[in-house]
Structure formats: C-alpha cells, structure tokens
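The values are calculated or read from the model by the stated rules, or taken from the named source; none is laboratory data. None of the values given here were measured: they were computed from a predicted structure. Using ideal geometry, Cβ is built from the backbone for each residue, glycine included, and neighbour counts are taken over all protein chains shown. Each accessible area value is taken on the protein alone, full model and side chains, heavy atoms only, with ligands, DNA and RNA left out. Shrake-Rupley method; radii C 1.70, N 1.55, O 1.52, S 1.80 Å.
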Amino acid sequence: MKIAVLKEAAGETRSAATPETVKKFAALGAEVAVEKGTGADASIADSDFEEAGAKVGSRKDALKGAGVILCVNGPDPVSLAGAEADALLVGALDPIRRRERVEGYATAGLQALAMEWMPRITRAQSMDILSSQSNLAGYKAVIDAAAAYGRAFPMMMTAAGTISPTKLFVMGVGVAGLQAIATAKRLGAQVSATDVRSATREQIQSLGAKPIFVENVAGIEGEGAGGYATEMSPEYQKAQAELVSGHIAKQDIVITTALIPGRSAPRLISDSQVATMRPGSVIVDLAAEAGGNVEGTVSGQQVEKHGVTIIGASNLARSLAADSSALFARNLYNFLSAFWDKEQGGPALPDDDEIVKAIRLTQSGKIVNERLTPA
Ligand code: NAD
C-alpha cells in the first residue's frame, strides 16, 4: 500500500504526517510518499521525512499508485489529477462548507473520509482531530491573552509592593476550555468557569477553578448527547445573561469556547457587558469562526471595544504547527492502523462500522453520507 502525503495550501502550517507516523506506516508494510515542502511550516525538513523512510517528490509522483492520500484540509479536487480511483482521501474535509469539493472527490472516484465527523465513542478517542486540535487551541488562547494583557497573571509579593493575581473566566468547558483552565492555573491566575452541561462542574473543580453556574433554571444533565451542548431555552439564556453580567465586570480576562454543533455559536457576552470590564481587559473568542460568543468579535482579528481587547481567534492550533501536526498525524495513523488488514496490506473499511458510516462522504462516484444526502 502506498500512502501519499499532500503539502497544504498557503495559510495552513500543519502537516498530515510526521517522520514518526511515516515510520509507523512503514512498520505496517506501507510505503509513504511525501510531497516536497509538506513539513516546512511545522519545522520538519524534507530530509527528515526521507530519513524516516519516505520518498519526497512532486504531488504527481506522490499520488501515482497511492491507495491512501493524507491531508490536513481537503484539497481542491483539480489538484488531485492523477490520483487512483477509489483511493482514500483522509483529512479535515469541512463537508458542509466545502460541499462542492466533496462533489469533486465523488466525481474523481475517491473515497473521501472526513475526520472531523469521527463519532465520540471511546474506540475513536485517539482518532479525534477536533479534540487534539482544540486542546492546543485552549492552551494557546491563554498564552495569547497573557501576551495581550498589560499585567502579570500570578500574585507577586515584591519589595516594591504586591501585584494581585489576574482573574480569568472560561466560558464553555469542553476540550479547549478545560485546557484553558489548566493553563491559566499554571500561570497563576484566579480561574472561574461556566458551561451548560452539568458534568463540567466537577471537572472545573478538579482543576482547582471555581464553577459559576446558572442555578435557578436547569441546564443540560450530564455530558449532553455525544458530549455536545444544544441551544438553550430563552429562560436559560436570560438567567445566564444575568449571571454573566454579575461576574464579568470583575474579570480581567475571559476565554470563550462555546459551540453548538451545526449552529452558529451562542452569543454569551453583549457589547454592554464588555463595557463593564476594566480597560485593558482581554477577551479571546475561540468561537470566532462560528460567529463568535462575544458581540463585536471579528474572526482572525484583534479589535478594541470600550478599552477591552477582543481577539477573534481562528484556528489557533495552526500557530503551534509542530505539536498540532504531531497530534493530527497520530490521529490519522491511529484511524488507519485500527482498520489495517494485514492480509490485504492496507485499510479495510467495513460498510457497517460506526466510524466508517460516520466519516465516509463519497464512494464509487457518489456522495454516500446521510448528513449530506437529503433525508
Ligand atoms: P464543543 O467544542 O462542541 O463546545 C465547547 C463547550 O461549549 C462545550 O463544553 C459546550 O457544552 C459548551 N457550551 C455550548 N453552549 C454553551 C453556552 N450557551 N454556555 C456555556 N457553554 C456552552 O465541545 P468539545 O470541546 O468538543 O467537547 C465537549 C465534550 O465532549 C467534552 O466533555 C469532551 O470530554 C467530550 N468528548 C468526548 C470524546 C469521545 O468520547 N471520543 C471526544 C471529544 C470530546
């Protein structure tokens, strides 16, 4: 089995394979061909790939005879000319927003597999690109907030007097939020956090942060379906807005991460609430690409409102390219190796497997995923 690894388009720093995963694929009996320059932004030289046993060359050479094509973002189908029909295309394919590309993969006869649609089941945890990248984004959000903030995080008692600790509030305690809490605690901030899912209360406490929850209206019991939140009732939203109003004016830094699958991000902070924060405060909105949790957020930009810096964070994992590539590449390896058929010498994807059903978008020239086909 030959595996091709594509160099990403400009703006993407991550790589879908690393020398480590090249060696692991070789141990399975696969041959890996990496497009020249693939790892450049993730501090991986072509020679590093070669030392790990990969062939490095043009995209055309990499694609020729490859049964598996690895990418971070789904490429323009036109750029895949020469790929073998029925090759697996594995990566973050963004199927809803990039439907026309998915159609192109079908036309090319490729079997497109969208890794972001990995089901949230125990067996798939090590294959979950959303978790591996969100974790790094949560960390980086705190680092970026600290860099934009004109004060120190920890309490410092010095001969010149005492500096009080930064108060940091995390809204949305999923994978990114948990890592943001842990990172802010390590830096010495006083951390509080909120979520709509009741299971997060204990998680917040276990990290030594203070849970701030709506008490008078019921939130989502436990983890929520598949670990995901849904849109909350108007009554809950009102209670949450009151809670936030009371809390936010006392905060120096707010990190928001709240997302609802398939919908735009819930609005958690209004412009008038931003105005109650002390000038110099910083908000990092990790939901910026999904419309933002904060009124006034601009995705990919840093804006100032009422003296408060609002960072519209977009794809922060990209700014930690070496680590995000390492984890992303392992997610892809963990997926393919779990389905590796030794006799066939490649991945075998059973039609009735829960993972395969969830992530397979196209097969035999057609779109086959029920999330993309009319009910
Ligand atoms: P996410 O990115 O979809 O959302 C981020 C957080 O925002 C969630 O915790 C959500 O509850 C919260 N949120 C949504 N609306 C909100 C609102 N109005 N106010 C406040 N918070 C709001 O979530 P995620 O980070 O992908 O993960 C959520 C959960 O799924 C976690 O508990 C995680 O452990 C679990 N998970 C399980 C697996 C697995 O079992 N394979 C994989 C990944 C995640």
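Within the range 191-211, is even one residue open to solvent by less than 50 Å² (accessible area, probe 1.4 Å) and acidic (Asp, Glu)? Walk me through how you get there before you give the answer.
Pass one, the range 191-211, residues open to solvent by less than 50 Å² (accessible area, probe 1.4 Å): 191-197, 199-200, 204, 208-209, 211.
Add one more test, that the residue is acidic (Asp, Glu), and what stays is 195.
Checking the range 191-211: at least one residue is open to solvent by less than 50 Å² (accessible area, probe 1.4 Å) and acidic (Asp, Glu).
Give me the strands (runs of 3 or more DSSP E) completely within the range 151-216, filtered to those with at least 2 residues that are within 12 Å of the ligand (Cβ to nearest atom), ordered by residue number.
Counting at least 2 such residues, we get 167-171, 190-194.
What are the residues in the range 81-109 that are more than 25 Å from the chain's Cα centre (by Cα) and of a type in the set (A, V, I, L, M, F, W, C), if any?
ALA81, ALA83, ALA85, ALA87, ALA106, ALA108
Scan the range 46-55 and give yes if some residue there is of a type outside the set (Gly, Ala, Ser) and assigned to a loop (DSSP other than H, G, I, E, B), otherwise no. Spell out the reasoning first.
Filtering the range 46-55 for residues of a type outside the set (Gly, Ala, Ser) gives 46, 48-51, 55.
Next, only the ones that are assigned to a loop (DSSP other than H, G, I, E, B) stay: none.
No, that holds for no residue.
Out of all the residues in the range 83-122, which are touching a helix residue (DSSP H, G or I) at 6+ places or on another chain (Cβ under 7 Å), open to solvent by 20 Å² or more (accessible area, probe 1.4 Å), assigned to a helix (DSSP H, G or I) and within 13 Å of the ligand (Cβ to nearest atom)?
Correct list: GLU116, TRP117.
Taking into account only those residues within the range 295-312 that are surrounded by 17 or more Cβ atoms within 10 Å (Cβ to Cβ) and without any contact (Cβ under 8 Å) to a residue 40 or more places away in the chain, which is farthest from the chain's Cα centre (by Cα)? Even if it seems obvious, please write down each step before you answer.
Going through the range 295-312, the residues surrounded by 17 or more Cβ atoms within 10 Å (Cβ to Cβ) turn out to be 296-297, 308-312.
Right, trim to without any contact (Cβ under 8 Å) to a residue 40 or more places away in the chain and you get 296-297, 308, 310, 312.
Numbers: GLY296: 22, THR297: 19, VAL308: 26, ILE310: 20, GLY312: 15 Å.
Filtering the range 295-312 for residues that are surrounded by 17 or more Cβ atoms within 10 Å (Cβ to Cβ) and without any contact (Cβ under 8 Å) to a residue 40 or more places away in the chain, the one farthest from the chain's Cα centre (by Cα) comes out as VAL308.
Residue pairs, Cβ under 6 Å, 6 or more apart or interchain, first in the range 164-180 and more than 11 Å from LEU136 (Cα to Cα), second assigned to a helix (DSSP H, G or I) and of a type in the set (S, T, N, Q). List them.
From the range 164-180, the pairs are VAL173/THR200.
Evaluate the following for ILE3: is it of a type in the set (A, V, I, L, M, F, W, C), more than 25 Å from SER319 (Cα to Cα) and open to solvent by less than 50 Å² (accessible area, probe 1.4 Å)? Walk me through it before giving the result.
Details: of a type in the set (A, V, I, L, M, F, W, C): yes; more than 25 Å from SER319 (Cα to Cα): yes; open to solvent by less than 50 Å² (accessible area, probe 1.4 Å): yes.
Considered against the rule, which asks whether it is of a type in the set (A, V, I, L, M, F, W, C), more than 25 Å from SER319 (Cα to Cα) and open to solvent by less than 50 Å² (accessible area, probe 1.4 Å), ILE3 comes out as yes.
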